[in-house]
Each structure stands twice: as C-alpha cells, then as structure tokens.
1. Conditions: (1) under 22 Å from ALA107 (Cβ atoms); (2) touching a residue at least 12 places away in the same chain (Cβ under 8 Å). ALA151 meets all but one. Number of the miss?
2. Identify, from the list THR208, THR258, the residue that is assigned to a helix (DSSP H, G or I), among the polar types (S, T, N, Q) and under 22 Å from the mean Cα position of the chain (by Cα).
3. Could you grab me the full set of residues in the range 156-183 that are in contact (Cβ under 8 Å) with a residue 40 or more places away in the chain, surrounded by fewer than 21 Cβ atoms within 10 Å (Cβ to Cβ) and under 18 Å from THR268 (Cβ atoms)?
4. List the residue pairs whose Cβ atoms are under 9 Å apart, where the first residue sits in the range 274-292 and is touching a residue at least 24 places away in the same chain (Cβ under 8 Å), the second is of a type in the set (Lys, Arg) and assigned to a loop (DSSP other than H, G, I, E, B), and the two are 6 or more positions apart or on different chains.
5. When you scan the range 244-264, do you find a residue that is crowded, with 18+ Cβ neighbours inside 10 Å, among the aromatic types (Phe, Trp, Tyr) and modelled with pLDDT under 95, even just one?
6. Considering only the range 53-80, state which residues are closer than 14 Å to SER115 by Cα, among the hydrophobic types (A, V, I, L, M, F, W, C) and more than 16 Å from the chain's Cα centre (by Cα).
7. Does the range 137-146 contain any residue that is under 30 Å from ALA50 (Cβ atoms), at pLDDT below 95 and among the basic types (Lys, Arg)?
8. For ASP233, only one of the following conditions fails: (1) in contact (Cβ under 8 Å) with a residue 60 or more places away in the chain; (2) more than 21 Å from LEU262 (Cα to Cα). What is its number?
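The values are calculated or read from the model by the stated rules, or taken from the named source; none is laboratory data. Keep in mind the model is a prediction, meaning the values are calculated, not measured. All Cβ positions, glycine included, derive from the backbone under ideal geometry; neighbour counts span all protein chains shown.
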Amino acid sequence: MTRANARLAAERAPKPVRDGVGGQGVLVLGTVQLGVPYGVANRVGQPGPAAAEAILAEAARLGVTHLDTARAYGTSERCIGRAAPRGMRVVTKVAPLEPGETDAARAVRESVERSRAELGAHGERLAALLLHRMADAREGAWDVLRDHRDAGIAERIGVSVQNPAELLAALRLPGIGYVQLPFNLLDRRWLDPAVTGALAARPDLVVTVRSVYLQGLLLAGRDVKWPGVPDPDRDALVAAIDALVRDLGRTGRADLCTAFALSHPWVTSIVAGAETAAQVRDTAAATARPPLTDAERGEVLARLPAGPADLVDPSRWRTR
C-alpha cells in the first residue's frame, strides 16, 4: 500500500467522536470576546486581563476542557497562551486568506506558526485546526492542514462553515474530522433531510455548533434590536420562547437554547463565549441539564416559526 493510500484508509476509518478530541465535553468556551469587543448584545465590552483570566479559570473549574479561538480573534490566542489553565485543549482557525493570495499553502503555514507561538504550551498539540471559512479550502491550503495532522500538531482538521451548501462541500474534503456551524432554535436550514442525512452518515465527525444564543440576542430578548426583525415580530418570538421555557420546565432561555441544540443527534458540542465569569457559570449550568426529548424538540419546532435568513445567519448582519 502506498503512503497516499495508507493515509486515505486511515482517514476513512471510523473514530469515536468523544475520544477523538481528547474527550471534548458538550460545552466549548468561545474566546473571541477575550480578543476583541464582540456580540451585538454585549454590554460589557472586551474583558481586561484580570477578567479574562477569571473567565478561563472559572471555565476550567467547571470542567470545560476545550477553548475555541482563531487568528482573526484579535489577542485571543495570546490571552489563552498567557492565562489559560494547564490541560485545557485548543481549537483554532487559520487566518482567512486574502482574495489575491497566490500561495495559500505558505499563508496557512505562517498562520499556524503564529498561532502556536501565541498559544505557547497550549499550541504544542491542538485539539483541532480549522480553516476559518470554506472559501479558503483551495489548492494547497487543505494539504497543509493534513500535513499538520499527520505530524501530530493537530488531532483533527476541519472547517468553519456558514450554510448547508458549504457543509456539504466540506464533507467531501479528504480527512475532515471537525466542522463548526451556526445553529439555534430559530434556524431550520440545518434540518433539511439532505443535511441531516449527510451528517448521520459521518458518525466519526465532530460537529460543534455556535450562535446557539445568536450572539446573545435570544437571551437579551426585548432589550436589544434584532437584525432583520421589526420590534413587534421580535417581541412575539420572545413571548413564544418564554412560553416554551415555562411549558417545558426549563430554567430559562439559555437552558432552552442549549437543550434544543444538544437534542440533535448530530451535534457533538456547543461553543459559547462569555464576557464575565458569571456568564460561564450560567452556560455551564444550562448545558449540564438534560437535552430536550424528541417530543419536546418537536413542540419547539411546531410552536416557533423559523427565523428569517437575515436574523439566523450572523454572517449577513455586517452587510445590512
């Protein structure tokens, strides 16, 4: 068997999802807030060094094993390298490629080198190394990620995607083991049978979902403007969400949002950020509760309308 065929056979061999990233728990702490002011519902701003250290320490104390970051997240990787407790694993994304980049492989290698330098000891063996966007899965770039996985620098490689079409394209990448996608109780794009069927056929894949709170909109409710949604429609959605919280016996909106996401069999974990240690505790408490049953998930889908594309896809907010 040639080396190329051996690698392809190894990539196709089924791997246990939970063990494949060092026992990743259902909650991954997002750290974009530690590197830049982030989130349309953020009223705290970017935490200072002491607050960031407290957030990371609280996450570790609560049993969070993995951190999600990226080269594009400002000083997030540097903050992790400086302040994250030992033993926490890191998922990071390479810097998005410039439109005119002619040497994608070189750009990806340099991005990974910078990430590992900033992450310090946490960058010695990454839990996962991702392309920041599917558009960057061009010639040379994906091969560099495969080389880093083969060298033991990253346990898994993958892509952060924005929509189902990108996901289906990503699943064709050789050796992909990790995808990240936006998903929440108003987002029905990912429930298309073609998508759920493709994910069901890949039990080896780690699927981490982000935006379960829609950058905090679903928690803030009526207190903030919702992109693409008039205030009366927002208020009706919030009222319906709160009625489901009550009727399903959940502790609050955070509990309902996380329980809905984690009730889908193709979801491995959720990534959620925090501007304070208290927010880490709230999300950890929510993810510790049981997910919705199939019947309860069906009730959510029946009673909540699908959100408009301009709301459920945060990548569209910047263009409106």
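1. With (1) under 22 Å from ALA107 (Cβ atoms); (2) touching a residue at least 12 places away in the same chain (Cβ under 8 Å) applied to ALA151, the lone miss is (2).
2. Values: THR208 fails: assigned to a helix (DSSP H, G or I).
Every option except THR258 fails the conditions.
3. Hit for the range 156-183 is GLY175, nothing else.
4. GLU275/ARG43; ALA286/ARG250; ARG289/ARG250; LEU292/ARG250
5. no
6. Scanning the range 53-80 gives CYS79, ILE80.
7. no
8. Failing condition for ASP233: (1).
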